[in-house]
Amino acid sequence: MKKKVSFAALFVCVLAVCALVLAGCGGGSSSDSTATDSASTDATATDQEATAATTGDYTLVEDGKLTCISNLYFPPFESMDDKSGEPVGYDIDMSKALAEHMGLEVNWLPSQAFDSLVPTIKTGGTADIAIAGMTITSARQEEVDMSDPYIDSNQSLVTKVGSKETMESLDDASKKVAVQAGTTGEEWVLENLTNATAVPLDDIISAMTGVQTGSYDALVTDLPVASYQIKNSFADLQIVESIPTGEQYGIAISKDNPALTAAINEALAEMKTDGTMDDIQVKWFGSKL
Ligand code: ARG
């Protein structure tokens with residue numbers, strides 16, 4: 001009898017596992033086929049209508065537009081074009097491609113402080129997404145939804161060319177290490193250079209200028225930003241060390257708008273397979289990352 005029960009139990013387990021596996025596969029393909037189905041059902045409608053039907057019922061601050069916010073002092077991810085005053089960069093191209101994949105127009109709002117982005121998205125009503133080279137962290141995920149990752153990143157320690165400072169020498173109260181307020185770079189300095197004086201600034205460009213002029217001994221920021229800036233505008237700065245934090249950037253969306261997160265993730269997945277993501281990486285970094 002005992003044996004019978006355990007056989008039965010085993011059988012049930014096997015069935016359950018099979019069901020789970022089937023459900024897993026079915027889930028993926030059925031949502032795929034739903035997407036294709038609704039797209040083909042709507043084949044007679046305009047492209048825009050077809051996309052709206054596929055992406056479900058998310059809300060937008062302004063109809064037909066993907067309204068975006070960022071801190072526009074973080075090249076090559078986002079900055080303001082000197083001549084046109086328009087936002088440019090990796091994330092701007094991402095936002096345009098996302099909007100295009102969703103049948104929307106892109107609408108960029110003026111730059112705001114990095115540490116105000118998550119609160120703005122959380123409050124709602126101003127912007128649909130924050131796209132800002134923003135690392136996916138569990139603290140941020142408590143406040144807002146973060147999309148699937150779209151690029152990997154790390155931190156870096158930057159000093160002036162000729163400076164003898166090291167990670168060890170900087171870990172001293174007399175040393176000023178500049179960071180951008182509210183970033184993972186700031187968090188890293190507070191946790192790892194506990195004796196140094198961390199100086200939180202509005203943006204990383206002022207941190208770089210400050211290291212250049214000697215106001216700060218070093219700065220910590222995202223490695224791709226440091227490399228790009230040193231190559232293009234700050235030849236007198238150097239990367240002393242890259243810091244392998246293993247970060248990933250995602251897009252912040254209000255928790256009240258889960259259908260928008262789903263639609264953004266769907267568009268990101270499409271952009272990964274249709275080559276859009278590769279094109280943007282090559283455009284800004286010269287090669288696929
Ligand atoms: N990746 C870092 C973070 O999430 C820095 C992002 C800064 N982005 C910007 N647009 N200023 O904290």
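Taking the stated definitions as given, is ALA173 without any contact (Cβ under 8 Å) to a residue 40 or more places away in the chain and more than 15 Å from the ligand (Cβ to nearest atom)? Yes, satisfied.
Return yes or no: is ALA97 within 12 Å of the ligand (Cβ to nearest atom) and under 25 Å from PHE285 (Cα atoms)? Talk me through it step by step, then tell me what you get.
Numbers: within 12 Å of the ligand (Cβ to nearest atom): no; under 25 Å from PHE285 (Cα atoms): yes.
Taking the combined requirement at face value, the residue does not satisfy it.
Candidates are the residues of the range 216-234 that are away from the ligand (no atom under 11 Å from the Cβ) and closer than 20 Å to ALA113 by Cβ; the one that is most open to solvent (accessible area, probe 1.4 Å) is TYR216.
Results for (1) touching a Leu at 6+ places or on another chain (Cβ under 6 Å); (2) closer than 22 Å to SER84 by Cα; (3) open to solvent by 30 Å² or more (accessible area, probe 1.4 Å); (4) at pLDDT 95 or above, shown as yes or no for each residue.
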site	(1), (2), (3), (4)
HIS101	no, no, yes, yes
GLN112	no, yes, yes, yes
SER116	no, no, yes, yes
LYS122	no, no, yes, yes
ILE131	no, yes, no, yes
MET134	no, no, no, yes
ASN154	yes, no, yes, yes
VAL161	no, no, yes, yes
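Any residue in the range 99-111 that's more than 15 Å from LEU260 (Cα to Cα): show its pairings with residues that are polar (S, T, N, Q) and assigned to a loop (DSSP other than H, G, I, E, B) at Cβ separation under 8 Å, as long as the two are six or more apart or on different chains. Listed pairs, sorted by first residue: TRP108/SER70; LEU109/THR126; SER111/SER70; SER111/ASN71.
Meeting the requirement of 2 or more residues that are among the small types (Gly, Ala, Ser) and in contact with a helix residue (DSSP H, G or I) (Cβ under 8 Å, 6 or more places away or on another chain), no helices (runs of 4 or more DSSP H) wholly within the range 57-153 can be named.
In this structure, is GLY124 more than 29 Å from GLU270 (Cβ to Cβ), more than 16 Å from the ligand (Cβ to nearest atom) and not hydroxyl-bearing (Ser, Thr, Tyr)? So GLY124 fails the test. Please work out which residue is farthest from the chain's Cα centre (by Cα), limiting yourself to the range 67-88 and to residues that are more than 9 Å from the ligand (Cβ to nearest atom) and open to solvent by less than 10 Å² (accessible area, probe 1.4 Å). If we take residues in the range 67-88 being more than 9 Å from the ligand (Cβ to nearest atom) and open to solvent by less than 10 Å² (accessible area, probe 1.4 Å), then THR67 is farthest from the chain's Cα centre (by Cα). For first residues located in the range 177-188 and under 16 Å from PRO119 (Cα atoms) and open to solvent by 30 Å² or more (accessible area, probe 1.4 Å), partners that are at pLDDT 95 or above and not charged (D, E, K, R) and lie 6+ apart or on another chain with Cβ distances below 7 Å form the pairs GLY182/PHE114.
The values are calculated or read from the model by the stated rules, or taken from the named source; none is laboratory data. Here the structure is a predicted model, which is why all the values come from computation and not from measurement. Neighbour counts are summed over all protein chains in view; Cβ atoms, including those assigned to glycine, are modelled from backbone coordinates with ideal geometry. Note: areas computed on protein heavy atoms with side chains; ligands, DNA, RNA excluded. Shrake-Rupley method; radii C 1.70, N 1.55, O 1.52, S 1.80 Å.
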